[in-house]
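**Q** Before we start, here is the structure in question, set down as C-alpha cells.
The values are calculated or read from the model by the stated rules, or taken from the named source; none is laboratory data. None of the values given here were measured: they were computed from a predicted structure. Cβ coordinates were reconstructed from backbone atoms using ideal geometry, including for glycine residues, and neighbour counts include every protein chain displayed. These area figures cover heavy atoms from the full protein model, side chains too; ligands, DNA and RNA do not enter into them. Shrake-Rupley method; radii C 1.70, N 1.55, O 1.52, S 1.80 Å.
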Amino acid sequence: MIGIAIDPSLSNTCLTAFEFGGDLGVDLTVIDSVTISTQKNQNKKVRASSDLIERCVDLYKGSKQFIERYNPQIIFAETPSGSQSASGMKNYGVSCFLLASLSQRCIEVTPQEVKMASVGRKNASKKDMIEWAYEQHPEAPWIIRNNFPLMKQEHMADSIAVIHAGLRTKEFDWIQQCIG
C-alpha cells in the first residue's frame, strides 16, 4: 500500500510518499519526498492578495502533481493547531484550504501528536526531529553533509513523523480492521 504524509505550510509544504510492506504499519519505507517552497514577492507593485493567491496556486499544483504521481491509498496530514498572529492565521488558513482541496480526505494529526509519535516530547527541537527521522528512515532522500542530514530538511523530517503519528490514530486502526 502506498501512502503520503503532508506537512503543510505557506512557505514550505512537504509531501513524503511511503510504502507499507507486509502488514500495515510494519516494514515502512520512505520512497520519495518533495518540499514545495514559496516566498513572498518583494516587489511592492504586486498586491499582497495577488501574491498570496499565486503562492497558493504553486502549493496546490505541486501537491496535486505529487499525489497523482503516487496515487496513494491513504494520506496523513498535520493540521495546524492555532496561531498567535495575523501572519500565523494566514498560514493556518492556507494549510487547511490546501488539505481541503485534495481529492481524498486525510487522516489528520496535530503538531503535538507528531512530536510525541517521533521524539516523544512535545517540545522537541528541529534537530531532535531530524535526528529521529534520519535514524528511523535512512532510506529517505536525505542530503548528507559531515555524516548528518542538512538542517533545511526539517520539513521532510516532520512529514516522516506525520506518518508515524498517523499510524497511531483511531482512524488508521479502523482502516486496518476493515482491510484485515
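**Q** For residue 121, what charge total do you get from the other residues with a beta carbon under 10 Å from its beta carbon, if Lys and Arg give +1 and Asp and Glu give -1?
**A** Its environment carries a net charge of +1.
**Q** Let me ask something else. Using a 1.4 Å probe on the protein heavy atoms, what percent of the accessible area of the chain belongs to carbon and sulfur?
**A** Carbon and sulfur together cover 49 percent of it.
**Q** In addition: Treating the angle as unsigned and between 0 and 90°, give the value, to the nearest 10°, between the Cα long axis of helix 48-70 and the longest Cα principal axis of the chain.
**A** Result, in degrees: 20.
**Q** For a label point 7 angstrom out from the Cα of residue 101 toward its Cβ, which stretches of segment 29-73 have the backbone nitrogen within less than 11 Å?
**A** Correct set: 53-65.
**Q** May I pose another question? Helix 86-100 against the longest principal axis of the chain: what's the angle in degrees, Cα atoms only, rounded to the nearest 10?
**A** Tilt relative to the chain: about 50 degrees.
**Q** Enumerate the calculated ³J(HN,Hα) couplings along segment 159-175 in order (Karplus 6.51 cos²θ - 1.76 cosθ + 1.60, θ = phi - 60°), each rounded to whole Hz, writing x wherever the residue is Gly or Pro.
**A** For segment 159-175, the Karplus curve yields 5, 5, 5, 4, 4, 5, 5, x, 5, 8, 7, 5, 4, 5, 4, 4, 4 Hz.
**Q** Once you place label points 7 Å from the Cα toward the Cβ at residue 145 and residue 125, how far apart are they in nm?
**A** Output for this residue pair reads 1.8 nm.
**Q** So, one more: Determine the distance separating the Cα centre of segment 1-68 from the Cα centre of segment 86-129; give it in Å without decimals.
**A** Answer, in whole Å: 12.
**Q** Assuming R0 = 41 Å, what is the FRET efficiency of residue 173 and residue 49, from their Cβ-Cβ distance, to the nearest 0.05?
**A** Efficiency computed from Cβ-Cβ geometry: 0.45.
**Q** Can you tell me which of 77-86, 32-41 comes out highest on packing, and rank the rest after it, using the mean Cβ neighbours within 10 Å?
**A** 32-41, 77-86
**Q** For the chain, set up a GNM with springs between Cα atoms under 10 Å and report which of 98, 15, 59 has the largest fluctuation.
**A** Judging by the Gaussian network model, the answer is 98.
**Q** Let me ask something else about it. What number comes out for accessible area per residue over segment 1-157 if the probe is 1.4 Å? Units Å², please.
**A** I get 57 Å² per residue for segment 1-157.
**Q** If the reach is capped at under 20 angstrom between alpha carbons, list the lysines near residue 61, excluding any in the same chain fewer than eight residues apart.
**A** Cα-Cα hits under 20 Å: 40, 90.
**Q** Quick check on the chain: what are the equivalent-ellipsoid semi-axes from the Cα gyration tensor, as sqrt(5λ), descending, whole Å?
**A** 27, 19, 16
**Q** Report the net charge of residues surrounding residue 142, where surrounding means a beta-carbon distance below 15 angstrom and charges are Lys +1, Arg +1, Asp -1, Glu -1.
**A** -2
**Q** To the nearest 0.05, how large is the calculated FRET efficiency for residue 32 and residue 84 if R₀ is 35 Å and r is the Cβ-Cβ distance?
**A** Between residue 32 and residue 84 the formula returns 0.55.
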